[in-house]
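To keep things clear, I will list the structure first and then write my remarks on it.
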Amino acid sequence: MRRAAFSLLLAVALHAAPTGEQLFATNCAPCHGPKGDGGKGSNLAVRRLPRAPDDPALAAIIATGIPGTQMPGTRMTAAESAALVAFVRGLARTAQAQVPGDRTKGEQLFWTKGNCGECHTVGPRGGRLGPDLTTIGEKRSPVNLRTSLLDPQAEVPENFASYRKVIYAPDNFLEIRAVTQDGETITGVRVDEDTFTIQLRDASDKIYSFRKSDLRSLEKDWGKSPMPSFRGIFTDSELQDVIAYLSSLQAAK
């Protein structure tokens, strides 16, 4: 009798619905980090998720993914989805550790020694060749930011490495080299593309539009980032200051 009861309890335990934390660890942590504070995927441990302002929107993203990005859809029961949504919402209530470093010095280094503003925008200031960093602190963890600064190639999103029919900025960030029939080479990032045409933005913020059939050649650097490594450029303390500054870049409360 006891053996039968034990077997029944074991069977129930084995078939019990996974918790939100377990579902997150299996399906989300590989990209969003074990604590949800960002990796290849966005930082989820924030009070505001731009693409998921409410629980139904978050559940829909979990189910269908986000076209043109690395975010895939995941099949779940309604109970599992509800558990995962509740867990993700709870991440925002977890106390965030203070990022060490001097934000003010980091900001100065960003705009001067690093010359990051040549390609990146923060608020109304900076270039538009690279991704907008205005709210990067909400999207990436300090560990991920460090990796991006020291080894940019390691942080190129997977959707930069292969062709996707549907692309959305900033997920379509891709460096292009177009050679015209008269031999002029135009290097920039893709703004938009369809079957017959492509639009680029160069480092001076000038927009070019070409018919592909009019070009001598068109090269795309799939899986590569034009961003340089700052290893050996910033000292260890300067690097930490820049990370502290980038981590502070969040939407106004």
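Contact map, the range 12-39: first residue at pLDDT 80 or above, second residue aliphatic (A, V, I, L, M) and part of a loop (DSSP other than H, G, I, E, B), Cβ cut-off under 7 Å, separation 6 or more or different chains; pairs are His32/Leu44; Lys35/Ala45; Gly36/Leu44; Gly36/Ala45.
Out of curiosity, is Ala83 at pLDDT 90 or above, surrounded by fewer than 18 Cβ atoms within 10 Å (Cβ to Cβ), outside any loop (DSSP other than H, G, I, E, B) and on the phi < 0 side of the Ramachandran plot? Answer is no for this residue.
Taking the range 202-238 on its own, how many of its residues are in contact with a helix residue (DSSP H, G or I) (Cβ under 8 Å, 6 or more places away or on another chain) and within 30 Å of Lys105 (Cβ to Cβ)? Before the answer, list the steps.
The first filter runs over the range 202-238 and keeps only residues in contact with a helix residue (DSSP H, G or I) (Cβ under 8 Å, 6 or more places away or on another chain), leaving 203, 218, 222-225, 227-231, 234, 238.
So of that shortlist, the ones also within 30 Å of Lys105 (Cβ to Cβ) come out as 203, 225, 227-231, 234, 238.
Looking only at that region, the number is 9.
Check off (1) among the charged types (D, E, K, R); (2) at pLDDT 55 or above; (3) in contact with a helix residue (DSSP H, G or I) (Cβ under 8 Å, 6 or more places away or on another chain) for Lys139 and give me the number that stays unchecked. Single failed check for Lys139: (3). When the range 69-80 is filtered for residues that are of a type in the set (Asp, Glu) and surrounded by fewer than 19 Cβ atoms within 10 Å (Cβ to Cβ), nothing remains.
Starting from residues that are closer than 20 Å to Arg140 by Cβ and in contact with a Cys (Cβ under 9 Å, 6 or more places away or on another chain), keep the ones in the range 46-80 and report whichever is modelled with the highest pLDDT. Among them, the one singled out is Met71.
Let's see how each residue does on (1) outside any loop (DSSP other than H, G, I, E, B); (2) under 16 Å from the mean Cα position of the chain (by Cα):
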| position | (1), (2) |
| --- | --- |
| Phe24 | yes, no |
| Lys35 | no, yes |
| Asn43 | no, yes |
| Arg47 | no, no |
| Ala52 | no, yes |
| Ala60 | yes, no |
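If the condition is being open to solvent by 90 Å² or more (accessible area, probe 1.4 Å) and either closer than 25 Å to Arg231 by Cα or modelled with pLDDT of 95 or more (or both), then the range 86-103 contributes Gln98, Arg103. Determine whether the range 230-250 contains at least one residue that is surrounded by fewer than 15 Cβ atoms within 10 Å (Cβ to Cβ) and in contact with a Pro (Cβ under 9 Å, 6 or more places away or on another chain). Checked the range 230-250: no residue is surrounded by fewer than 15 Cβ atoms within 10 Å (Cβ to Cβ) and in contact with a Pro (Cβ under 9 Å, 6 or more places away or on another chain). Counting only residues that are closer than 18 Å to Ser229 by Cα and not in a loop (DSSP other than H, G, I, E, B), how many does the range 115-131 have? So the count comes out to 3.
How many residues are in a strand (DSSP E or B), in contact (Cβ under 8 Å) with a residue 60 or more places away in the chain and either among the aliphatic types (A, V, I, L, M) or open to solvent by 90 Å² or more (accessible area, probe 1.4 Å) (or both) if we restrict to the range 184-224? Before you say what the answer is, go through the steps one by one.
Kept after step one, since they are in a strand (DSSP E or B), are these residues of the range 184-224: 185-193, 197-201, 207-211, 215-220.
Imposing the further condition that a residue be in contact (Cβ under 8 Å) with a residue 60 or more places away in the chain reduces the set to 189, 201.
Then keep just the ones that are either among the aliphatic types (A, V, I, L, M) or open to solvent by 90 Å² or more (accessible area, probe 1.4 Å) (or both); that gives 189.
Matching residues across the range 184-224 total 1.
The single residue among Tyr245, Tyr208 that is at pLDDT 90 or above and over 24 Å from the mean Cα position of the chain (by Cα) turns out to be Tyr208.
Of the residues that sit in the range 104-114 and are open to solvent by 30 Å² or more (accessible area, probe 1.4 Å) and in a helix (DSSP H, G or I), which one is nearest to Ser229 (Cα to Cα)?
It comes out as Trp111.
The values are calculated or read from the model by the stated rules, or taken from the named source; none is laboratory data. What you are looking at is a predicted structure, and each value in this text was computed from that prediction instead of being measured. Here the Cβ is made from the backbone with ideal geometry for all residues, glycine too, and neighbour counts use every protein chain on show. For the accessible areas, the whole protein counts, side chains as well, though only heavy atoms, and no ligand, DNA or RNA atoms are used. Shrake-Rupley method; radii C 1.70, N 1.55, O 1.52, S 1.80 Å.
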